[in-house]
1. Can you go through 302, 326, 319, 337 and tell me which one is under 25 Å from the mean Cα position of the chain (by Cα) and more than 20 Å from residue 241 (Cα to Cα)?
2. Only one of 134, 95, 80, 146 is closer than 30 Å to residue 170 by Cβ and loosely packed, with under 15 Cβ neighbours inside 10 Å. Can you tell me which?
3. Checking residue 199 against (1) without any contact (Cβ under 8 Å) to a residue 60 or more places away in the chain; (2) out of contact with any helix residue (DSSP H, G or I) (no Cβ under 9 Å at 6 or more places or on another chain); (3) over 25 Å from residue 308 (Cα atoms), only one condition comes out false. Which one?
4. Going by the conditions given, is residue 128 surrounded by 13 or more Cβ atoms within 10 Å (Cβ to Cβ), at pLDDT 85 or above and closer than 30 Å to residue 335 by Cβ?
5. Has the range 240-249 got at least one residue that is outside any loop (DSSP other than H, G, I, E, B), in the same structural domain as residue 283 (by TED's automatic domain parsing) and within 30 Å of the chain's Cα centre (by Cα)?
6. Hey, among the residues in the range 98-117 that are free of Cβ contacts under 8 Å to residues at least 40 places away in the same chain and in a helix (DSSP H, G or I), which one's surrounded by the fewest Cβ atoms within 10 Å (Cβ to Cβ)?
7. Is there a residue being at pLDDT 95 or above, part of a strand (DSSP E or B) and either touching a helix residue (DSSP H, G or I) at 6+ places or on another chain (Cβ under 7 Å) or not assigned by TED's automatic domain parsing to the domain that holds residue 328 (or both) anywhere in the range 183-192?
C-alpha cells in the first residue's frame with residue numbers, strides 16, 4: 001500500500017506539469033481525490049488489512065492526501081496568477097492609440113439668448129421669479145386690468161382648461177401673472193424678472209406658435225418714471241445687440257401699462273441703412289413696455305399715490321431669430337441636429 005501511495009504522489013507531480021489551466025487541474029483533483037478517485041479506492045482497501053495494521057495505514061493515507069492537496073493548491077495559485085495576467089494583457093488599453101471621438105452637446109440657441117438676457121438684468125440687480133403655467137383667469141387677465149370684453153379673452157386666443165363663469169382655469173397667455181403674484185406677496189421696492197413659457201391659440205407657421213417663450217421685467221418703487229424705463233431699455237439693448245445700437249420708444253397701448261410704448265433697436269446688421277433683417281426700415285421692434293397702470297397696483301394693494309413702476313416684456317423666440325438670422329420660428333423647435341450643432 002505504501003508503494004502505491006508513493007507512486008500516486010509521483011503520478012500527481014508528473015500530471016501537474018501538464019496542467020495548463022484551472023479546468024485541467026480540477027479534473028486531476030477529481031481523478032486523484034474525488035469520490036471515485038485513486039486515493040479514495042486505496043482508502044476503501046483498508047477493510048482488507050488486518051485490524052492491527054489499519055491505524056498505521058490510515059495515517060499514511062491521510063499524510064499522502066495532505067501532500068497531494070498541497071501540491072494541487074500550489075499549482076492552483078500559479079494557474080490563477082497566470083490566468084489573471086493573461087486576462088489583464090487581453091483587456092489592456094493601448095493608450096498610444098487615438099481615443100474615440102465623443103460628440104458633445106450644446107445649449108439650444110433659445111437657452112443661450114435666455115441666459116444672456118437674464119445675465120444682463122441680474123447685473124442690474126433684478127431677481128428671477130417663476131410662476132405657474134396653469135393659471136386662473138384672475139391673475140392672467142383681471143388683475144392686469146384686462147376687462148371681460150377684451151379680445152385676448154376670446155377662445156380663439158386663450159386655451160381654456162375649465163369653463164367656470166367665476167373661476168376659469170387657463171394656460172397662461174403671458175408671464176405677467178407672475179408679476180401680480182409677486183406684488184401681492186412682496187412690499188416695494190420690487191425689481192424682478194420672470195422668464196417662462198406661454199400659450200395662445202395660434203396656428204403654427206413661420207411667425208406664430210401655440211407655445212412660445214417670454215421674459216418680463218417689473219420695477220416698483222417710489223419715484224420711478226419713464227426716464228428710468230428709457231434708461232433701462234437703452235442699456236439692455238446696447239448690451240444685447242452692441243454698444244453702437246440705439247433705442248427709441250414709440251407710443252402704444254397695453255391695458256396693464258399707462259402710458260405704454262414699443263421699444264425699437266437700430267438694426268445692428270446694417271447700421272440702420274436697411275436690410276432684409278429690418279425689412280429695409282433700419283429699426284427692429286424689440287419689446288413692449290410702459291408705466292404700470294395704477295389700477296394694477298391697486299389690485300395688488302400697492303398705493304399708486306406712493307409707488308410707481310414700469311414693466312416690459314419681450315419674446316425670447318423672436319429675439320433669438322433676430323440675433324441668429326433664423327427666418328422661420330418653427331426651425332428651433334424641430335430639433336434637427338444639423339441646425340443645433342451650429343450653436344455648440
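The values are calculated or read from the model by the stated rules, or taken from the named source; none is laboratory data. What you see is a predicted model, and the numbers here were worked out from it, not measured in a lab. Ideal geometry is used to build each Cβ from the backbone, glycine not excepted, and the neighbour counts take in all protein chains shown.
1. Details: 302 fails: under 25 Å from the mean Cα position of the chain (by Cα); 326 fails: more than 20 Å from residue 241 (Cα to Cα); 319 fails: more than 20 Å from residue 241 (Cα to Cα).
From the options 302, 326, 319, 337, the qualifying one is 337.
2. 134
3. So the condition that residue 199 fails would be (1).
4. Considered against the rule, which asks whether it is surrounded by 13 or more Cβ atoms within 10 Å (Cβ to Cβ), at pLDDT 85 or above and closer than 30 Å to residue 335 by Cβ, residue 128 comes out as no.
5. If we filter the range 240-249 for residues that are outside any loop (DSSP other than H, G, I, E, B), which is where we start, we get 240-241, 247-249.
Subset that is in the same structural domain as residue 283 (by TED's automatic domain parsing): 240-241, 247-249.
Narrowing the set further to residues that are within 30 Å of the chain's Cα centre (by Cα) leaves 240-241.
Scanning the range 240-249, I find at least one residue that is outside any loop (DSSP other than H, G, I, E, B), in the same structural domain as residue 283 (by TED's automatic domain parsing) and within 30 Å of the chain's Cα centre (by Cα), so the answer is yes.
6. 115
7. yes
Listed here are the residues, each with its yes/no results for (1) modelled with pLDDT of 95 or more; (2) buried (at least 17 other Cβ atoms within 10 Å of the Cβ); (3) out of contact with any strand residue (DSSP E or B) (no Cβ under 6 Å at 6 or more places or on another chain).
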| residue | (1), (2), (3) |
| --- | --- |
| 178 | yes, yes, no |
| 195 | yes, yes, no |
| 201 | no, no, yes |
| 215 | yes, yes, no |
| 218 | yes, yes, no |
| 242 | no, no, yes |
| 245 | no, yes, no |
| 253 | no, no, no |
| 261 | yes, yes, no |
